[in-house]
1. At a Förster radius of 56 Å, what calculated FRET efficiency corresponds to the Cβ-Cβ distance of Glu36 and Met210, to the nearest 0.05?
2. Evaluate the relative contact order of the chain (contact order divided by residue number), counting alpha-carbon pairs under 8 angstrom at least 6 apart; express in whole percent.
3. May I have the pair-distance distribution P(r) for segment 181-288, computed from all Cα-Cα distances with 5 Å bins from 0 and rounded to whole percent?
4. Excluding Phe234 itself, calculate the net charge of residues whose Cβ lies under 10 Å from the Cβ of Phe234, where each Lys or Arg counts +1 and each Asp or Glu counts -1.
5. Work out the charge dipole of the chain with +1 on the Cβ of Lys and Arg and -1 on the Cβ of Asp and Glu about the Cα centre, then indicate which of Val115, Val32, Pro180 is farthest towards its positive end.
6. Using +1 on the beta carbon of Lys and Arg, -1 on that of Asp and Glu, and nothing else charged, what's the dipole of segment 237-368 about the Cα centre, debye to 20?
7. Which value in Å is the Kirkwood Rh of segment 10-64 over different Cα pairs?
8. Restricting the calculation to Cα positions, tell me the Rg (one decimal) and the Dmax (whole number) of segment 306-368 in Å.
Amino acid sequence: MPLTSNRIAVSDPLEAIEYCYRENLTDGLPVVPPTEKRVQEFLDAVGLPPDHVIGEVTERARVITAEKLAINAVMAGCLPRYMPVLIAAVEALCDPAFKFNHLASLGSPWPLLIVSGPVVKELEMNYGMYLFGSGNRANATIGRAISLLLWNCCELRPDAIQRGQLGSPQRYSFCIAENPDTAWEGLNEWEGYPRQTSTVTVLSGYYFCMARTESSVAKAILAPLVNAISRHEFSRGCYVVIIPPNLEALFVEQGWSKRDIRDYLFAHCKRSVKDLKEDGRWGRLTSTFVGDLKDLIPVEPGDEERWVYLFRENPELDPAVFHEGALKRRADVLIVAAGGDAGIAMGFYQPYSQSTNPVTKPITLPRQ
């Protein structure tokens with residue numbers, strides 16, 4: 001089937017790039033001109049006709065076709081063999097659980113793509129040193145292809161529906177891969193798929209943070225991570241925690257699984273009512289208190305012994321701390337085995353504070 005997108009005649013590749021700038025078809029960085037021949041190569045790589053519908057963004061009344069995805073993948077600098085990963089990522093973004101319109105938030109959230117399974121090695125994705133970039137073509141261009149697709153096909157631009165107060169550098173590209181040889185269960189298995197099934201997990205958040213440890217015993221390693229997560233945004237949702245291989249080895253030696261780490265964080269990530277009041281977080285995101293909260297809520301005797309847990313339900317206290325949208329979300333920790341094999345840092349991605357849940361989709365590779 002012939003491609004249906006408009007043809008633009010230009011004198012040379014440089015003029016094609018300048019055309020994209022003039023017509024606001026790029027995120028601010030140069031793009032690869034999407035020629036008809038190149039776009040067709042991407043469609044042929046997955047055996048899809050141009051009008052094949054990959055997903056629908058119902059909140060924007062937009063349909064994402066294989067042709068539109070291929071065009072933006074070319075512009076981002078992808079290779080045709082990245083298309084199966086991109087298709088799975090779009091399916092995740094279009095899933096109702098993702099609640100697409102939250103990306104217009106003033107808080108500038110952006111989706112992180114996490115690729116897990118055998119496809120990581122097949123595409124030579126980076127799951128090691130300098131995990132969050134830059135330098136790896138697959139990681140960088142897969143993330144940017146999704147960025148450009150949302151820019152060009154879903155009005156996710158600052159001059160349209162994107163209303164972020166401060167914005168985010170993650171808007172250009174935000175894609176990582178998990179070590180497929182991890183001794184733990186992979187993220188694909190964590191989300192219910194066999195180890196040999198590659199997946200893409202899409203999870204929306206605000207910013208990537210680090211917690212540094214000087215210890216070699218499991219609970220002591222996790223202590224700064226517990227503190228960092230608890231003291232940071234203290235927002236109910238699904239966190240991504242990155243454990244590099246040197247720390248993973250210590251956990252494995254001491255018999256700790258991913259689920260043991262998750263359970264430990266569940267049990268220890270908490271803040272006292274006194275602390276939340278002094279930090280101006282008591283009642284801030286809810287309708288529990290009537291009126292305009294311009295000052296701190298007074299601390300009362302016993303508040304230092306009343307605890308709000310981040311991942312556990314606190315029926316009497318939750319309404320005063322968490323937005324009602326957040327209380328309906330999946331409260332979890334997704335642990336990803338990745339990063340360089342030396343150093344003392346763990347990372348975590350702070351989830352968006354209200355609606356949206358992580359979505360994982362399998363990657364379907366074309367038959368050879």
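1. Details: r = 45 Å, r/R0 = 0.80.
Once the sixth-power term is evaluated, E becomes 0.80.
2. Values: 706 pairs, mean separation 78.9, N = 368.
Value for the chain: 21 percent.
3. Whole-percent P(r) values from 0 Å outward: 2, 9, 19, 19, 20, 14, 8, 6, 3, 1.
4. Numbers: positive: Arg231, Arg236, Lys270, Arg271, Arg281; negative: Glu233, Asp275, Asp279.
Once all neighbours under 10 Å are counted, the net charge is +2.
5. About the Cα centre, the residue reaching furthest to the positive side is Val32.
6. Details: 17 positive and 19 negative charges, 143 e Å.
With Lys and Arg at +1 and Asp and Glu at -1, about 680 debye.
7. On the way: mean 1/r = 0.0746 Å⁻¹.
Taking every pair of different Cα atoms in segment 10-64, averaging 1/r and inverting gives 13.4 Å.
8. Both quantities, over Cα of segment 306-368: 17.2, 60 Å.
Readers should treat all values here as calculations from the given coordinates under stated rules, not as data from a laboratory. Source: prediction; values computed, not measured. So basically every Cβ, Gly included, is an ideal-geometry build from the backbone, and we count neighbours across all protein chains shown.
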